[in-house]
Amino acid sequence: MHLLDVDDLTTDELSAVLARAAEIKADPGDYEDLLDQQTLGMIFEKPSTRTRVSFETGMTQLGGHALFLGPDDIHLGHGEPVKDTSRALARYVDFVMARVFDHEDAEELAAYSDVPVINALTDDAHPCQTLADLLTIREEFGGFDVDVAWVGDGNNVCQSFVLGAAMTGLDLTVATPAGYEVSDEVLDRAAEFGNVPETTNDPEAAVDGADVVYTDVFVSMGQEDRRHEKLDDFDGFQITTDLLGDRTLMHCLPAHRGEEVTDEVIESDNAVVWDQAENRLHAQKGLLAWLAETA
């Protein structure tokens with residue numbers, strides 16, 4: 001199977017992936033040969049610190065090998081069709097990981113691949129981040145009986161988190177400026193799990209009663225030409241010590257300190273952002289192990 005967004009998994013499968021991640025994190029030595037002689041092909045149109053290092057390290061720790069394929073290394077979408085790249089790669093590697101701009105490219109890779117394709121970020125979704133987020137919340141609170149407020153852009157990270165929250169029963173409120181809401185299509189998919197988030201344009205209303213406040217950059221990669229416009233639109237949405245209070249802070253990183261979050265907040269004891277970052281490694285190891293075991 002492929003993972004293009006979190007709801008490609010059933011709720012039981014999501015629970016199984018998180019459980020496998022927790023098991024491997026607790027006893028990594030028991031799994032060091034699990035993916036012996038297996039290779040992950042890593043397609044990168046967008047650069048990333050956490051995505052590359054966590055996937056490459058994870059494959060090594062599971063006994064496998066990761067192959068970096070940057071925009072100058074292969075002909076993805078230029079020089080040959082995406083479907084041809086997909087069919088060729090599937091003859092060489094055991095998994096494909098793609099961090100690309102257009103979600104349609106990830107869908108085309110999956111449609112023509114005989115091996116699992118993992119979406120490591122598109123402009124529409126970031127399921128691997130959501131797996132790490134859910135693992136972090138489970139560790140911090142012992143489960144998912146948790147109230148979370150998302151404050152910021154209804155972007156790819158937010159949209160996948162909305163689905164993950166719906167699937168695990170998190171009580172989620174999403175606060176965005178007008179015009180930056182989560183798409184109706186994602187909200188409809190969340191509704192299929194019987195758990196649609198509340199939505200508002202008021203950050204203070206969103207964090208009222210929350211255990212966790214989650215934010216992301218206001219200006220995503222590729223949106224630099226809209227920087228001044230977006231910073232104006234997101235005035236009042238910065239996570240400050242006053243807005244956060246004694247709540248737990250989550251951020252998928254990298255953070256633009258002084259924009260969506262203050263330096264003081266992200267350096268505070270309330271922040272679990274480094275646990276989130278570490279859990280990218282463990283969640284993806286759990287996913288790779290689960291995919292290998294269920295193939």
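The values are calculated or read from the model by the stated rules, or taken from the named source; none is laboratory data. Computed from a predicted structure; not experimentally measured. Positions of Cβ are generated from backbone atoms using ideal geometry, with glycine treated the same way; all protein chains shown enter the neighbour counts.
Tabulated values for the structure
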{"quantity": "Residues (at pLDDT 95 or above, exposed (fewer than 13 other Cβ atoms within 10 Å of the Cβ), small (Gly, Ala, Ser) and closer than 24 Å to Asp7 by Cβ) located in the stretch 184-233", "calculated": "Ala191"}
{"quantity": "Residues satisfying the stated conditions in the stretch 214-243, i.e. assigned to a helix (DSSP H, G or I) and more than 26 Å from Glu139 (Cα to Cα)", "calculated": "Glu224, Asp225, Arg226, Arg227, His228, Glu229, Lys230, Leu231, Asp232, Asp233"}
{"quantity": "Ser86 in contact with a Phe, Trp or Tyr (Cβ under 6 Å, 6 or more places away or on another chain) and assigned to a helix (DSSP H, G or I)", "calculated": "yes"}
{"quantity": "Residues satisfying the stated conditions in the stretch 143-155, i.e. touching a residue at least 60 places away in the same chain (Cβ under 8 Å), on the phi < 0 side of the Ramachandran plot and either under 14 Å from the mean Cα position of the chain (by Cα) or surrounded by 24 or more Cβ atoms within 10 Å (Cβ to Cβ) (or both)", "calculated": "Val148, Ala149, Trp150, Val151, Asp153, Asn155"}
{"quantity": "Candidates Thr122, Thr57 - the one that is assigned to a loop (DSSP other than H, G, I, E, B), in contact (Cβ under 8 Å) with a residue 12 or more places away in the chain and within 20 Å of the chain's Cα centre (by Cα)", "calculated": "Thr122"}
{"quantity": "Test result for Val115, in the same structural domain as Lys285 (by TED's automatic domain parsing), in contact with an Asp or Glu (Cβ under 9 Å, 6 or more places away or on another chain) and not in a helix (DSSP H, G or I)", "calculated": "yes"}
{"quantity": "Any chance Ile137 is surrounded by 16 or more Cβ atoms within 10 Å (Cβ to Cβ), without any contact (Cβ under 8 Å) to a residue 40 or more places away in the chain and more than 18 Å from His2 (Cβ to Cβ)", "calculated": "no"}
{"quantity": "Test: residue in the stretch 198-218 that is closer than 30 Å to Ala90 by Cβ, outside the structural domain of Asp94 (by TED's automatic domain parsing) and not β-branched (Val, Ile, Thr)", "calculated": "no"}
{"quantity": "Inter-residue pairs, beta-carbon under 7 Å, first touching a residue at least 12 places away in the same chain (Cβ under 8 Å) and in the stretch 77-97, second outside any loop (DSSP other than H, G, I, E, B) and aromatic (Phe, Trp, Tyr), 6+ apart", "calculated": "Met97/Phe55"}
{"quantity": "Test for Leu281: is it within 25 Å of Phe144 (Cα to Cα), modelled with pLDDT of 95 or more and in contact with a Phe, Trp or Tyr (Cβ under 7 Å, 6 or more places away or on another chain)", "calculated": "no"}
